[in-house]
Amino acid sequence: MSTVRGAPAATGGWVDIAAAILLSLAAVATAWSSYQASRWTGEQAKGFSAANAARVESTKASNLANAQTQIDIALFTQWVDAHLSDDDELAAFYEQRFRDEFEPAFHAWIRTDPFTDSSAPPSPFAMPEYVVAASDQANELEATADATSETAREDVQRATNYVLGVVLFAVALFFAAISTRLPRPRLRIAILVVGTAVFVVAAGWIATFPISLAI
C-alpha cells in the first residue's frame, strides 16, 4: 500500500520540477523574443527613414538633371539657329557656354556630319556620349531606396514573427503554470506535455530567425 500511495507523490514531484524548468525556459524565451521584436521594430523604422531620405535625394538629383537637360536643349537650339544663320560669332558664343557634360556628345554628333548626312543622329541627345551625372545619381538613389525599403519590410516581418513567438511562449508559460494547479497527475502530465510541445516548436521556429543586438 505504501508503494501505491507514494506513486502519485513521486509523480507530482517530477512534474513540479519539469514545470519549473519549463516556466524558467519559457520566461527567458519570452523576454528574448520581446527584446528581438523591439529591436527589429527599431530596425524597420530606421530602414524606412533611410529609404525616405534616399528618395528625397533622388528627387533632388532628378530635378537637377531635368534642369541641366533643359539648359543643354536651350543652348543647343540657339546654337543651331545661329549656325544655320551663318552667324559664326553667335554660334561660338553659345558653344562656349555648353556644359562640360554636353560637350562630348555635341562634338561626337558634329563628327557625324549631321547637316549633310541624313543618316546621322538627329541631335547630340541621341548620342551615347550624352550623359547627365545627376540623372544617373537619381537612378542609383532610387534603387538604393527600393532596396532599403525591401529590407525594412523584411524587418517588419521579423518583428511580427518575434511577437508571435512571445505569444507562443506565453502559451507555454500558461500550460506550465496551470499544470502545477491540477489535482490529477495524468491531467497535469498531459498539460505539461502540451506546454512543452508548444515551447519546443516555438523555440525551434525562433531559432531560425536572424537576431539583432546592440551593445
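What follows draws every value from the coordinates through simple rules; no lab data is involved. Computed from a prediction, not measured in an experiment: that's the story for all the values here. All Cβ positions, even for glycine, are placed from backbone atoms using ideal geometry, and neighbour counts span all protein chains on display.
For the stretch 159-191, taking the residues that are touching a helix residue (DSSP H, G or I) at 6+ places or on another chain (Cβ under 6 Å) and not in a helix (DSSP H, G or I), the one that is farthest from Trp40 (Cα to Cα) is identified as Leu182.
The set of residues in the stretch 171-184 that are in contact (Cβ under 8 Å) with a residue 60 or more places away in the chain, aliphatic (A, V, I, L, M) and surrounded by fewer than 17 Cβ atoms within 10 Å (Cβ to Cβ) contains only Ala177. Restricting attention to the stretch 114-147, the residues being surrounded by fewer than 13 Cβ atoms within 10 Å (Cβ to Cβ) and in contact with a His (Cβ under 9 Å, 6 or more places away or on another chain) number 1. Residues in the stretch 72-92 that are in a helix (DSSP H, G or I) and loosely packed, with under 14 Cβ neighbours inside 10 Å: Ala74, Thr77, Asp81, Leu84, Asp88, Glu89, Ala92. Suppose we keep only residues that are touching a residue at least 12 places away in the same chain (Cβ under 8 Å) and of a type in the set (Ser, Thr, Tyr) within the stretch 113-158. Which one would you say is farthest from Glu43 (Cα to Cα)? Only one residue tops the list, namely Ser123. For the stretch 93-103, a residue qualifies if it is surrounded by fewer than 18 Cβ atoms within 10 Å (Cβ to Cβ) and not acidic (Asp, Glu), and the qualifying residues are Phe93, Gln96, Arg97, Arg99. In the set (1) on the phi > 0 side of the Ramachandran plot; (2) within 42 Å of the chain's Cα centre (by Cα), the condition left unmet by Asp86 is number (2). Checked against (1) more than 17 Å from Trp79 (Cα to Cα); (2) in a helix (DSSP H, G or I); (3) touching a Phe, Trp or Tyr at 6+ places or on another chain (Cβ under 9 Å), Leu141 meets all criteria but (3). For Ala120, state whether it is outside any loop (DSSP other than H, G, I, E, B) and farther than 25 Å from Ala65 by Cβ. Criteria not met by Ala120. Annotation note: of Gln68, Gln78, Gln44, the sole residue that is polar (S, T, N, Q) and closer than 30 Å to Val198 by Cβ is Gln44.
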